[in-house]
1. Mind checking the log10 I(q)/I(0) for region 101-281 at q = 0.12, 0.19 Å⁻¹? Debye, one equal scatterer per Cα, no solvent, two decimals.
2. Which number gives the lysine pairs in region 166-249 that have C-alpha atoms under 28 Å apart and are eight or more places apart or on different chains?
3. For region 250-285 and region 167-240, what is the centre-to-centre distance using only Cα atoms, to the nearest Å?
4. Kirkwood hydrodynamic radius (Cα pairs, Å) of the chain?
5. Could you run the Karplus curve 6.51 cos²θ - 1.76 cosθ + 1.60 with θ = phi - 60° over region 231-244 and give me ³J(HN,Hα) per residue in whole Hz, x for Gly and Pro?
6. Taking R0 as 25 Å, what's the FRET efficiency between residue 176 and residue 119 from their Cβ-Cβ distance, rounded to 0.05?
7. For the charge dipole of region 101-281, defined by +1 on Lys and Arg C-beta atoms and -1 on Asp and Glu C-beta atoms about the Cα centroid, which residue among 264, 225, 136 has the Cα displaced farthest towards the positive pole?
8. In deg cm²/dmol and to the nearest 500, what is the mean residue ellipticity at 222 nm of the chain if only DSSP H runs of at least 4 residues count, each as -39500 (n - 2.57), divided by the residue total?
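Values in this text are rule-based calculations from the coordinates and carry no lab data. The shown structure was predicted, so the numbers you read here are calculated from the model rather than taken from an experiment. Every residue, glycine among them, receives a Cβ derived from its backbone with ideal geometry; neighbour counts consider all protein chains shown.
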Amino acid sequence: MNAYCVSMNFSEEARAVIKNSGIHLDINETKNKPNKDELISLIKKYDILIIGVSSKLTSDMSKHIKKSKIIATLSVGLDHIDKTFFDSPLIKVINIKEANAVSVAEHIIGLILSLNKRMFESNQLVLKGNGSRNNISERPEDISSKTLGLIGAGNITKELIKIAQVFNMTIKCFTKEPNNHKDMIKYGVEFLPLDEVLKQSDIINISIPLNDETKFIISKEKIELLKPTATFINTARAEVVDINALIDYADKYSTFYVGLDIDLDNYKELFMVYRNNVIVTPHIAGISKQAIERMDMEIAHSIVGLLK
């Protein structure tokens, strides 16, 4: 059994877990990620391929698989892997379930506090020599006792609920299958339809995977249901939200705050304009030092566990 990891930074501890299970492991020792032709060669050669979100596996690549393979991705999201890989009886796809949930939840709270406490705008004023509190466009706000609306009920949401309880927040949640998440009720979570969560919440966070069903689930029409004083956070894939409509809404209402942690490839020009009520980070929420270490170990143990 042989494996290949496209990341040269795959931890020594995770490497040891795989090697000690009797798997021969090769590591990409360069900073260059394999291109499509190189990925096809790796798929043909190795029984196990460990990739990241920058490795795109397209439908035509799956036809090269003639025997059982494991595709392990160092990510929660799976939209970089074509559905043909999931449909094939020869392929088992493994992703990250829990390793970066705490890190993403902390980042979400960081965005919420930075926006509501006017930290980013205040720092900008100081840098420009206008550092008087009288120059802040809006007074800082407390998030304590506000209504938090959660879209999605996965591991990130569950970690976020733990933090939200410290702030005595009222919690509303929309998920496709609320009956599968009854354990959240003990934390005071109320399950509601999507429109009601958007209408009632002071702060909204979306943590769902991107797929055909969830693409642009927060459309222009849904955005118009939001309070003009709400805070909207997205650390998932950008395309679960109509980003252009979201920023239009922020431009219309200076009291509407937006915090995004997304891939910026398709939105660079949009965010070249500074806005007091918008903070954007380049999809770093889930890649803290500790999260990366946990992700490497989780994927290593998942591979070994699956083989056992």
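1. -0.54, -1.34
2. Qualifying lysine pairs in region 166-249: 24.
3. Between the Cα centres of region 250-285 and region 167-240 lies a distance of 19 Å.
4. Details: mean 1/r = 0.0475 Å⁻¹.
This gives a value of 21.0 Å.
5. Here the 3J(HN,Hα) series is 10, 10, 10, 9, 10, 8, 5, 4, 6, 6, 10, 6, 4, 4 Hz.
6. Working: r = 35 Å, r/R0 = 1.38.
After rounding, the FRET efficiency stands at 0.10.
7. The residue sitting farthest along the positive end of the dipole is 136.
8. Values: 11 runs with 104 residues, N = 308.
When only DSSP H runs of four or more count, the value is -9500 deg cm²/dmol.
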